[in-house]
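The values are calculated or read from the model by the stated rules, or taken from the named source; none is laboratory data. It should be emphasised that the depicted structure is a prediction, and the values quoted were computed from it without experimental measurement. Positions of Cβ are backbone-derived with ideal geometry, glycine not excepted, and every protein chain shown enters the neighbour counts.
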Amino acid sequence: MSRVAYVNGTYSPRDEAVVHIEDRGFQFADGVYEVWSVFDGRLADFDGHMQRLHRSLNELKIEIPMTAAALGVVLRETVRRNRVRDGIVYLQVTRGTAPRDHAFPADVAPSVIVTAKRIDLSKGDRTAVNGAAGVTQPDIRWGRCDIKTVGLLPNVLAKQAARERGAYECLMYDEMGLVTEGSSTNAWIVDENGKLRTRDTQANILRGVTRAAILKLVEAEGVELDERAFSVEEAKKAREVFVTAASSFVMPLVSLDGVKIGDGKPGPIATRLREIYLEQARREAI
């Protein structure tokens, strides 16, 4: 069956779905996006992603295109038409189409694009069992990484650097050598003292929805948490390093720039958090 995309009110075969050449997402990266995990045809962390979508749109002064309920219908219908049981659904909202000019156009309706695809979740499970490799490089992104924009070129370059070095993820660090985020993930360590650490969202990082869900699970599990930045060197000396995201859930990193983390195997905290996150996400998906 051919895949189906939703574009501005119409469901079309994906290969026939188009946006205008003057869509501002294409010309200026003037738009935002969200990605929901799909379990058994249902959306995980629906409200968290929707709240972050609204925040991103408000920060960029892009009109909210439809109610959360209506958008939920579109997301689920796209999932249904693509017969996705386990996978992801991707939403992109741009400022819309207008003659090219840097300033915001007046009276322009936002563009809304939704796609969905299947993912073999067992592949990620196999990677998590053995752990993945990570690399590091300087963070060259702009100053508003808290907004989930489609302007992802620095992230793309970081992810490509990881691929070229045979790694799963690239952790980026600021001018002080402190880890900010992964190219498409939030970063965590269990430090030398056994304390779980992740950078606080007052810094220039994305307010990860999976990150927020993990924080609640950490509290329920009674794990000692410190929302405080850590350096690349601290990460390399840590007992555990892992990353979180809607598409990778909780993924242990067992090496960083070729340096073995801990005993070189996924640690107990990352392993436990992945297990209980997946249980909760599947149970509460709607």
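Worth a mention:
- Residues being among the aromatic types (Phe, Trp, Tyr) and out of contact with any Lys or Arg (no Cβ under 8 Å at 6 or more places or on another chain) - total across the stretch 29-62: 2
- Among the numbered conditions (1) among the hydrophobic types (A, V, I, L, M, F, W, C); (2) in the same structural domain as Phe249 (by TED's automatic domain parsing); (3) under 17 Å from the mean Cα position of the chain (by Cα), the only one that Val114 does not meet is (2).
- Qualifying residue in the stretch 30-40 (condition: surrounded by 14 or more Cβ atoms within 10 Å (Cβ to Cβ), at negative phi and in a helix (DSSP H, G or I)): no
- Pairs meeting the criteria (first residue in the stretch 210-232 and surrounded by fewer than 19 Cβ atoms within 10 Å (Cβ to Cβ), second residue assigned to a helix (DSSP H, G or I) and of a type in the set (D, E, K, R), beta carbons under 8 Å, at least 6 apart or on different chains) are Glu221/Arg272; Leu225/Glu219.
- Within the stretch 1-29, residues that are among the charged types (D, E, K, R) sit with their Cβ atoms under 8 Å from residues that are exposed (fewer than 14 other Cβ atoms within 10 Å of the Cβ), at 6+ positions apart or across chains, in these pairs: Arg3/Pro13; Arg14/Ser2; Asp15/Ser2; Glu22/Pro99; Glu22/Arg100.
- Among the residues of the stretch 158-203, the ones that are part of a helix (DSSP H, G or I) and either in contact with a Lys or Arg (Cβ under 8 Å, 6 or more places away or on another chain) or without any contact (Cβ under 8 Å) to a residue 12 or more places away in the chain (or both) come to 3 in all.
- Of residues in the stretch 115-129 being surrounded by 12 or more Cβ atoms within 10 Å (Cβ to Cβ) and free of Cβ contacts under 8 Å to residues at least 40 places away in the same chain, the one farthest from Val84 (Cα to Cα): Asp125
- Any hit, the stretch 270-285, residues being assigned to a loop (DSSP other than H, G, I, E, B) and either closer than 29 Å to Ala116 by Cα or not assigned by TED's automatic domain parsing to the domain that holds Leu91 (or both): yes
- Condition met for Asn204 (more than 25 Å from Thr271 (Cβ to Cβ), in the same structural domain as Glu240 (by TED's automatic domain parsing) and touching a Gly at 6+ places or on another chain (Cβ under 9 Å)): yes
- Any hit, the stretch 207-214, residues being in contact with an Asp or Glu (Cβ under 7 Å, 6 or more places away or on another chain), of a type outside the set (Phe, Trp, Tyr) and farther than 17 Å from Leu278 by Cα: yes
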